[in-house]
Amino acid sequence: MEDKEEFLKEFGDYYGYPNGPKTIDEIRATEFKRLEDTVYLDHAGATLYSELQMESIFKDLTTSVYGNPHSQSDSSSATSNIVREARQQVLDYCNASPKDYKCIFTSGATAALKLIGENFPWSCQSTFMYTMENHNSVLGIREYALNQGAAAFAVDIKEAVDQDGASINSVTSVKLSQYPVQRRNEAEVLEGELTGDAYNLFAFPSECNFSGLRFSLDLVNNVKQNTEKILEGSPYSKGRWMVIIDAAKGFATKPPNLSLYPADFVVISFYKLFGYPTGLGALIIKNDAAKLLKKTYFSGGTVSASIADIDFVRRRESVEENFEDGSISFLSIASICHGFKIFNNLTPAAMHRHTMSIVMFLKKKLLALRHENGASVCTLYGNHTLKVSSSDSGSIVSFNVKRPDGSWFGYREVEKLASLSGIQLRTGCFCNPGACAKYLGLSHSDLLSNLEAGHVCWDDKDVINGKPTGAVRVSFGYMSTYEDAKKFIDFIRSSFVSMPSEFEKGYLLRANSVPYPTEGFENRLSSSGCYLKSITIYPIKSCAGFSVKSWPLSTTGLQYDREWLLKSLTGEILTQKKVPEMSLINTFINLNQKMLSVESPRCEGKLQIKLDSDSYLCGKEEFYLHSQRKEYKTIKYGLIFIYEQQYGNMHKCETLFKKRYEVQCYENEINQWFSNAVGQPCTLVRCCHSQYYLSLNKNRSMGMCRDVDSRMNFANEAQFLLISEESVSDLNDRLCSNTQKLSGGAPLYVKPMRFRPNLVISGGEPYAEDGWRNLKIGNTYFTSLGGCNRCQMINFYHQTGQVKKTNEPLATLASYRRVKGKILFGILLRYDPVNGPGLDAHSWLKVGEEVYPNSE
C-alpha cells in the first residue's frame, strides 16, 4: 500500500479518472471482471472490450432488426441510419467536418492502406516517402509505387527540442533525413526531369507501435506546404504532396484534429480502440483526395447501373458507396456506436492522462532497476520523457533485459515466464521492421544474416550473434491499472534481477568444460544407488503411453516409441500443445500378438492395428521437418558428436537443415477413428525411415551437421528422456511450499509421468542426473545430451475425464531450474554404440536394473 500511496502522490491528479463518471477501480470491478487473475499488457496489439459494452451491443442486436442496407425496406433503412450515425461519430472523434471528409468503412486499417496504394495516381514522376517507423501494412504501399515506376525512400524525422526534451513545433524545426532512393524502372525518369505535376505520398504513424514515440502532427502541414525546405532542396520534393496518418495505434487517446492538421488520409482499426468488433476499420479521406483515386473494380453496392453484355457501368457518386465493395459489415458498424459512448464518457484527454501516468511510473521503475554489480537491467527504446503532459510518448514501453555481464536475456524467455505469471504481453518486432532495426542497431547485413540463420517473424530466435532480434513490448489501455504495472515490475525484479542460481552456475561450468571422449568411459562408471524404476513407451507422438517391466531396444530407441504421429489435412503435425485432448488417447502394444491397441473416450470400441500387416496401408509418402541450430562438432572414430562450445579441433557450424521422413499412410477407416478421437480431421502415419537430408551452412554450401548413428522416429530431441523420482520429490516439496504461501490451499503434487519420460530412476540425490555425462543401465550404454527444456505441455493434467491447464509445475521450475532461457528438468539420452555391445534380439531394458553413471 505504501508503494501505491507514493504513486498517487505523484500521479493522483492524472490516474484513475478522478473527475469521470467512474473511477478506475469501479471500471475494473464492474466491466472487466474477467481480468481478476490476468495482467493484460498488449493493448497495442488488441485492446479489450468491456462487459458493459458487450451487454449494450447484445441488447441492441437482439431488440433491433437490421437488414442489408442495399434496399428500401424498414430494416434496411434502420441499418442505413445506424451506419450514417457511425460515420458521423468517427468524423466527430477527430474533428473532421463532413464537408471536407468522408468515412469509408473497410475490413481494417490494412485494407484501408491497401485501398490507397492500389488506387493512388502513381506515375514515374511520383514519390512515396515514409518514416522508418512504419508498420508493414504501410510499407506494402511501396510495391504499388515501385511497380508504377515511382521512387520510394524512407526518412528519419529530426526535430529540434527544448531544454526539457520536448519537441519545438515549427516549420523550421523539422528536417527529414533521407535514406537511399529505391526505383525499379530507373530508365524511365532521371532525377533532373522531375516536375511539379506529379502526385506524391508521405506516410507516418500517429504513434510508433514499436517504441510508443508520437510524431508531431505538424508534419502534415510541413510536408504539404514546405517539402522543399524540410527535404533541403531534394529533387524529390517537387510535386503535390499528400499525407497518410496511420492512426491504428494512437487514435484512442490522441485522435488527430483534422481541422488543424488536414491530412488527406487517416486509417484506423476499431478493435484497437474498443476491443470489439474485429475485422472492421475505416479510411477517413479528404473529399479532394477521394477524387484523385483511380478505382478500377466495381461491385454490388458501388454502381448506379451496369449492363452485363456490353462495356457499360455508371458508378455511384457518393465517396463511401463508390469505395465500399459489396455489403458492408453493418452489424459490426452498429457495434462501434457503443464503443464511442464509453470513450465519450471518459474523454480522450482523461484516457491519455490515465495511461500516461502508468507508462511514466513503469518507465521510472524499469530504468531504476540494477543488478548487484550496479549494471542496468533494462534498456528502453524510444522517448525517455518522464512527464505525463508530454505529447511525444504514447501508451507503449518497449525494452530488452540484460544480464549482469551485459549479455541479453531473450525476449521470448521474458514472454514465456510472463505467461506463467499470468501476464500477457507482446514480443518481437511487431510488424515494424524499420523501427526494430533502428532502435536495436541492426544493419542490413545483420538482418540478412538473421534471415539466413532461419529467423522469421514469431519464431523463438530472439538473440543471434549476441544481438536481440526484437524487443519486449508492454502497452496499456484505458482500463489498465497501477496494480497491472506493479505486478509486471515485481515479475521483472523476481525473474531477472538476481545472480545466477547455484544450479545455473554448476550447469554452465559443466557445459563449458572440455568434454571427455566417450570411448572407454565404462572404466569411470560408479555405483550411484539408483535403479530403473519404470519404462514407458509412447507409440503415437503426443498420445498417452504405457508402462512395462521390460522392453526391447532398437536403433531408434525403445522399439516402436513415437513411431506414429497424427497430421492434420493441411500437413500440420498434431501435438498436445495445440490438441491437449490427445493425452486422453491410450495406447498399448502387445509384442506377442504384434498388435497396437488404441482407445479414446470419444470413440466406441478399441482400435487395433497389426504391426506387421499391410492390409491397413494405402501407400507411402515423404515429408520434411525444417529446423535450424548452431552446432559444434568433432569427428572421432567416424562419428560426429555435437557439443555446445568450441575447443581444440571442434569447429562451429551454423546450419539450416531438414529431416526427411518416409512414412506409411493408413486407410480412411483408421483415419476417421483418430479424427473422432481428436475432434478434427487428421491422418495417421508411421515412420519407416528418417535421415537428416540436407544442410546449408552460412556460405550456402552443403554440410553434414548431424549425428549419423543416432536415428529417431518422431521424437523431438532425443531417443530417450530420463527422470529421477528424487528430483520429482524435491519439486513437489517446492510446489507444496509455494501453494501454501500463495493461497493456503491444498498442495500441488505431480507424478513423474507428468513429464512424459521413457525412463524413471529411483535412488540417489535429487538432480544428480544433471552431472552425468554417460551412464550404463544393465548392459546398455547411453550418452547424456544434457537437460530437457520443458514447455507448457507439463502443465496439462486430467480431471474427471477432461484436460485442464495450470501454470504449474513449469512456474516453480522456472524459479530454480532456468539456464540461458531454458527451463531444464530431466536429461536426454541417446543409445551409445561405441562402448556397449551391438543391438540384437536380446537387447532389452528391464525394470530393476542398476544405473551406473559417469559424472566426471
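The values are calculated or read from the model by the stated rules, or taken from the named source; none is laboratory data. Not measured: the values here are computed from a predicted model. Ideal geometry is used to build each Cβ from the backbone, glycine not excepted, and the neighbour counts take in all protein chains shown.
Here are a few things to note about the model shown:
- Matching residues in segment 242-272 - criterion: being surrounded by fewer than 24 Cβ atoms within 10 Å (Cβ to Cβ) and aliphatic (A, V, I, L, M): MET242, LEU258, LEU260
- Total residues in segment 350-377, condition over 21 Å from VAL414 (Cβ atoms) and not in a helix (DSSP H, G or I): 1
- When we screen LYS102, LYS114 for residues that are modelled with pLDDT of 95 or more, basic (Lys, Arg) and touching a Gly at 6+ places or on another chain (Cβ under 8 Å), the only hit is LYS114.
- Identity of the residue in segment 274-298, polar (S, T, N, Q) and either at pLDDT 95 or above or outside the structural domain of LEU91 (by TED's automatic domain parsing) (or both), that ends up nearest to the chain's Cα centre (by Cα): THR278
- Any hit, segment 354-367, residues being touching a strand residue (DSSP E or B) at 6+ places or on another chain (Cβ under 8 Å), surrounded by fewer than 18 Cβ atoms within 10 Å (Cβ to Cβ) and assigned by TED's automatic domain parsing to the domain that holds ALA485: yes
- Among residues of segment 820-833 that are under 18 Å from LEU845 (Cα atoms), those with a Cβ under 9 angstrom from a residue that is acidic (Asp, Glu) and not in a loop (DSSP other than H, G, I, E, B), sequence gap 6+ or separate chain, pair up as ILE827/GLU769; ILE827/ASP770.
- Criterion (under 32 Å from the mean Cα position of the chain (by Cα) and assigned by TED's automatic domain parsing to the domain that holds GLY250) met by exactly one of SER395, SER332: SER332
- Some residue of segment 834-841 being at pLDDT 85 or above and either more than 20 Å from LEU722 (Cα to Cα) or not in a strand (DSSP E or B) (or both): no
- Selection status of ASN586, modelled with pLDDT of 90 or more and more than 30 Å from ASP832 (Cα to Cα): yes
Rundown of residues vs (1) farther than 14 Å from ILE284 by Cβ; (2) crowded, with 19+ Cβ neighbours inside 10 Å, yes/no style:
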site	(1), (2)
CYS94	no, yes
TYR101	no, yes
THR110	yes, yes
ASN119	yes, no
SER126	yes, yes
MET132	yes, yes
ASN136	yes, no
GLU143	yes, no
LEU146	yes, no
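Yes/no matrix, rows are residues, columns are (1) among the basic types (Lys, Arg); (2) in the same structural domain as SER407 (by TED's automatic domain parsing); (3) in contact with a His (Cβ under 9 Å, 6 or more places away or on another chain):
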position: LYS776; (1), (2), (3): yes, no, no
position: MET793; (1), (2), (3): no, no, no
position: GLN799; (1), (2), (3): no, no, no
position: LYS804; (1), (2), (3): yes, no, yes
position: VAL819; (1), (2), (3): no, no, no
position: TRP844; (1), (2), (3): no, no, no
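- Taken as a whole, the condition of being among the polar types (S, T, N, Q), crowded, with 18+ Cβ neighbours inside 10 Å and out of contact with any Cys (no Cβ under 8 Å at 6 or more places or on another chain) applies to SER398.
- Against the numbered list (1) out of contact with any Phe, Trp or Tyr (no Cβ under 7 Å at 6 or more places or on another chain); (2) closer than 27 Å to GLU581 by Cα; (3) not hydrophobic (A, V, I, L, M, F, W, C), ASN758 comes up short only at (1).
- Selection status of ALA187, closer than 23 Å to SER393 by Cβ and at pLDDT below 80: no
- Neighbours by Cβ (under 6 Å, 6+ apart or cross-chain): first from segment 597-614, closer than 16 Å to VAL678 by Cβ and in contact (Cβ under 8 Å) with a residue 12 or more places away in the chain; second among the hydrophobic types (A, V, I, L, M, F, W, C) and in a loop (DSSP other than H, G, I, E, B): SER600/ILE585
- Filter pass, ASP156 being farther than 30 Å from ASP197 by Cα, of a type outside the set (Phe, Trp, Tyr) and surrounded by 14 or more Cβ atoms within 10 Å (Cβ to Cβ): no
- Residue that is modelled with the highest pLDDT, among those in segment 842-853 that are in a loop (DSSP other than H, G, I, E, B) and touching a Pro at 6+ places or on another chain (Cβ under 9 Å): SER843
- Note on segment 462-492: residues that are touching a residue at least 60 places away in the same chain (Cβ under 8 Å), among the β-branched types (Val, Ile, Thr) and either in contact with a Pro (Cβ under 9 Å, 6 or more places away or on another chain) or closer than 15 Å to CYS429 by Cβ (or both) total 1.
- If you go through segment 769-804 and pick out every residue that is surrounded by 15 or more Cβ atoms within 10 Å (Cβ to Cβ) and either basic (Lys, Arg) or in contact with a Cys (Cβ under 8 Å, 6 or more places away or on another chain) (or both), you end up with 3.
- Only one of LYS22, LYS4 that is within 35 Å of the chain's Cα centre (by Cα), in a loop (DSSP other than H, G, I, E, B) and either among the basic types (Lys, Arg) or buried (at least 19 other Cβ atoms within 10 Å of the Cβ) (or both): LYS22
- Being crowded, with 16+ Cβ neighbours inside 10 Å and among the acidic types (Asp, Glu) is a property that GLU372 lacks.
- Within segment 281-303, if we keep just the residues that are charged (D, E, K, R) and part of a loop (DSSP other than H, G, I, E, B), the residue that is surrounded by the fewest Cβ atoms within 10 Å (Cβ to Cβ) turns out to be LYS294.
- Residue match in segment 401-420 (condition: closer than 18 Å to TYR40 by Cα, within 21 Å of the chain's Cα centre (by Cα) and not in a helix (DSSP H, G or I)): no
For every residue, the table says whether it meets (1) of a type in the set (Val, Ile, Thr); (2) modelled with pLDDT under 70; (3) surrounded by fewer than 19 Cβ atoms within 10 Å (Cβ to Cβ).
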site: GLU644; (1), (2), (3): no, yes, yes
site: ALA677; (1), (2), (3): no, no, no
site: THR683; (1), (2), (3): yes, no, no
site: CYS687; (1), (2), (3): no, no, no
